[in-house]
């Protein structure tokens, strides 16, 4: 994995989107089960070319995450409510809402079928990490769970605390 600046992450992601390549990113917290460091990590995956980039910081790169979310999934990802969510994600959403109301941090991952972190290759995988209870909730699907993702992303970016 190549370490780059935050500006390079955005430039590379924008170029990958323009070239219609398969890409996505992750915001890994210092306590995230997929993070091997004690810093925040913004990981950009170029799955088309098997290239991986990381930017490390002391604070989460939420603003960049929010901008790239719209590039990756469309402008409506945070603005339009989901029509229906799966039962597994409904459980995740209830827990996320409880934590948001309590002002407690949580984070999640949406693993694409080709994601390097996905323990279920070929499937879409949403993972919810609850730092307070040290628990994980998971949802697997064969197709892009965009409706599920709309709701979990909306709640994620409503959080008042990010650590």
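When the Cα convex hull of segment 75-163 is projected onto planes of every orientation, the mean area is 5.9 nm². Look at 148, 130, 142 and count the other Cβ atoms within 10 Å of each Cβ; fewest to most, that gives 142, 130, 148. Computed over the alpha-carbon atoms, segment 16-122 gives an Rg to Rh ratio of 0.96, Rh here being the Kirkwood radius from the mean inverse distance.
Taking the number of other C-beta atoms within 10 Å as the exposure measure, put 136, 71 in order starting with the fewest.
Going from least to most buried by this count: 136, 71.
Each part reduced to its alpha carbon centroid, segment 7-44 and segment 111-132 end up 14 Å apart. Per-residue ellipticity at 222 nm, computed for the chain from helices alone with -39500 (n - 2.57) per DSSP H run of at least four residues, works out to -10000 deg cm²/dmol.
For the chain, relative contact order (Cα pairs under 8 Å, six or more residues apart, normalised by length) works out to 19 percent. A full extension of the chain between residue 58 and residue 17 corresponds to an added length of 12.0 nm, given 0.36 nm per residue minus the alpha carbon distance. Its residue count N fixes a reference of 2.2 N^0.38 Å for segment 1-73, and the Cα radius of gyration divided by that reference is 1.03.
None of the figures in this text is laboratory data; all of them are computed from the coordinates on show. Keep in mind it's a predicted model, so treat the numbers as computed, not measured. FYI the Cβ positions are ideal-geometry reconstructions off the backbone, even for glycines, and counts take in every protein chain you see.
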